[in-house]
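**Q** Submitted below is the structure of interest, expressed as structure tokens.
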Amino acid sequence: MKKYVAEFIGTMTLVILGCGTAMTVGCGYEGSTGYILTAFAFGLTIIAMAYSIGNISGCHINPAVSLGVLMTGGMDSKDFVGYIISQTLGAFTGSLVLAAIFGLGGIEDKTGGFGSNGLAGVNGNALAGLLVEIVLTYIFVTAILGVTSKKASHGSFAGVVIGFTLVVIHILGIGLTGTSVNPARSIGPAIVAAFYGNTAPIASLWVFIVGPLAGAALAAVVYKALEK
């Protein structure tokens with residue numbers, strides 16, 4: 001149970017700091033620092049959580065990462081289900097916290113949807129968005145599997161490597177899909193946005209569930225084949 005609580009807290013923190021930064025500064029990349037600030041907010045939060053709860057749960061805080069770990073033999077199916085539930089609830093709770101903060105403070109949400117993901121950057125093309133999420137998640141999960149492997153020699157720097165990998169992934173992906181690579185991170189904001197009348201993120205939510213899970217599965221299969 002402690003592992004599940006840790007995953008809940010970690011994912012909630014990721015949404016509060018990552019999506020919260022996007023909501024505060026916006027994600028425009030032309031003449032704006034919001035784009036880079038948001039990328040670093042997600043990446044640095046991963047680093048912080050890796051050294052906070054990594055020794056408790058492994059700090060997956062992402063169903064796609066948990067799928068990759070499951071497929072490479074790093075966890076059992078019972079924990080996999082528990083992790084996914086905890087991560088999704090954590091993301092939802094994080095979005096509710098942001099709704100309370102921005103609502104009580106009368107603060108403008110510069111994303112218009114609690115930092116939810118969308119397809120505007122790929123001109124609404126779901127297949128293009130799906131491909132973006134598959135590729136980015138494949139890169140992210142491959143990095144995680146490699147740096148956390150028993151054969152890896154990165155030691156205590158694993159969290160830093162993972163965090164900065166997420167930063168660079170966001171630098172490319174924010175302008176395309178908002179960068180999910182994490183179904184829980186997409187589900188929470190999309191549901192809360194719908195509560196507040198913005199149902200657009202719900203319509204494309206399947207892309208940000210299927211894409212990351214497919215990318216993670218591909219990463220696990222390829223990594224296992226290469227590691228043999």
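Bear in mind these aren't lab numbers, they're just calculated from the coordinates by the rules spelled out. Quick caveat, the model's predicted, so the values are computed rather than measured. Here the Cβ positions follow ideal geometry from the backbone for every residue, glycine too, while neighbour counts run over all protein chains shown.
**Q** LYS150 to VAL221: FRET efficiency via 1/(1 + (r/R0)^6), r the Cβ-Cβ distance, R0 22 Å, to the nearest 0.05?
**A** Values: r = 19 Å, r/R0 = 0.86.
For R0 = 22 Å, the calculated efficiency reads 0.70.
**Q** Quick one: Cα centre-to-centre distance for the stretch 104-130 and the stretch 15-52, in angstrom?
**A** 14
**Q** For the chain, find the longest principal axis of its Cα atoms and tell me its angle to the long axis of helix 77-105, 0 to 90°, nearest 10.
**A** That helix lies at roughly 20 degrees to the long axis.
**Q** Continuing with the same structure: List the longest stretch of the chain that has no exposed loop site; here a site is one of the GluC sites (Glu not before Pro) assigned by DSSP to anything other than H, G, I, E or B, with at most 12 other Cβ within 10 Å. Write out the running numbers ahead of the final one.
**A** Numbers: sites that count: GLU30, GLU108.
By the stated rule (loop sites, at most 12 other Cβ atoms within 10 Å), 109-228.
**Q** By how many degrees, 0 to 90 and rounded to 10, does the Cα axis of helix 2-14 deviate from the longest principal axis of the chain?
**A** It works out to around 40 degrees.
**Q** Each residue of the stretch 47-53 in turn: what ³J(HN,Hα) in whole Hz from Karplus with 6.51, -1.76, 1.60 and θ = phi - 60°, glycine and Pro shown as x?
**A** Here the 3J(HN,Hα) series is 4, 4, 5, 4, 8, 9, 10 Hz.
**Q** OK, next. Give, as a single signed number, the net charge of other residues whose beta carbon lies under 12 Å from the beta carbon of THR142, with Lys and Arg counted +1 and Asp and Glu -1. Let's see the in-between values first.
**A** On the way: positive: LYS224; negative: GLU227.
Here the count lands on 0.
**Q** Between ALA100 and LYS78, what is 0.36 nm times their sequence separation minus the Cα-Cα distance? Round to one decimal in nm. Show your work: numbers first, answer last.
**A** Working: separation 22, 0.36 × 22 = 7.92 nm, distance 3.33 nm.
Answer, rounded to one decimal: 4.6 nm.
**Q** Any chance you could give the angle, 0 to 90 degrees and rounded to 10, that helix 207-227 forms with the longest Cα principal axis of the chain?
**A** Orientation of helix 207-227: about 20 degrees from the principal axis.
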